[in-house]
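Since the structure comes first, as structure tokens, the remarks are kept for the end.
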């Protein structure tokens, strides 16, 4: 944790910008983009043992389908996974172009959206992004001092859902089961939302940067209570 490295105790503000760097997306050698042909890598850290090509080559049909469904929310996950397993039996899938070609054979109704979901899902899986986000939030929330603010910018629903769910119990005064007629836990909210708690980019922002269109910004402030 950076705070430990710099011997920092409490932190007054933490910003999570969870988007992938445009430089990474636009670099064919990183393998993040379905628009650019390059090695099928997708690793944030090049020291990771598993890249996207190895994931597709070594995973079972059901494992691939589960990743596409759970991390990409892709309705045709099983159909695409089956096509990938069939193709790899005769030809290795080693580039982003190869992956795109296989997806196209399944004839999705909205090709670009399906490509985006599949590439996103595989990237999240091999980098273990959602687990890292959850673990990082656990540490960050404890480091945040009273009155400190947590700001998150998520670009897809899975990340935003993790943040929303994790903060839900912390902004409630009562965590008793819903069937109880009255509160018996004596709970006190540890965080409060700032403003409406959720914000979206303006039309002007999206016009300047189209990649901002899916961003969701949330702001929470910590009360003077230990977590």
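Nothing in this text is a laboratory measurement; each read-out follows from the coordinates by a stated rule. Source: prediction; values computed, not measured. All Cβ positions, glycine included, derive from the backbone under ideal geometry; neighbour counts span all protein chains shown.
Before moving on, here are some points about what is shown:
- Between segment 56-70 and segment 21-42, the alpha-carbon center distance in angstrom: 21
- This ranking places 190, 54, 113, 222 by how few other beta-carbon atoms lie within 10 Å of each, fewest first, which gives 113, 54, 190, 222.
- Cα-projected label distance for residue 151 with residue 205, points at 7 Å along beta-carbon direction, nm: 1.0
- Rounded, prolate or oblate (a/c below 1.5 giving rounded, otherwise prolate when a/b exceeds b/c) for segment 31-127 by Cα gyration tensor: rounded
- Each stretch of four or more DSSP H residues adds -39500 (n - 2.57); spread over every residue of the chain, this sum gives -13000 deg cm²/dmol at 222 nm.
- Taking the chain as a Gaussian network of alpha-carbon nodes connected by springs under 10 Å, the highest mean-square fluctuation of the residues 119, 32, 199 belongs to 199.
- Distance from the Cα centroid of segment 147-218 to that of segment 79-123 is 34 Å (rounded to whole angstrom).
- Rounded to 10°, Cα long-axis angle of helix 157-168 versus longest principal axis of the chain: 20
- Beta bridges by DSSP in the chain, antiparallel share as percent, to the nearest 5: 65
- Helix 77-88 vs. the chain, principal-axis angle (Cα, 0 to 90°, nearest 10): 40
- Per residue, the average separation of C-alpha pairs within less than 8 Å and at least 6 apart gives the chain a relative contact order of 21 percent.
- GNM flexibility winner over the chain from 34, 71, 200 (Cα, springs under 10 Å): 200
- Relative to the longest principal axis of the Cα atoms of the chain, the long axis of helix 96-105 lies at roughly 80 degrees.
- Square roots of 5 times each gyration tensor eigenvalue, C-alpha, the chain, largest first, Å: 38, 20, 18
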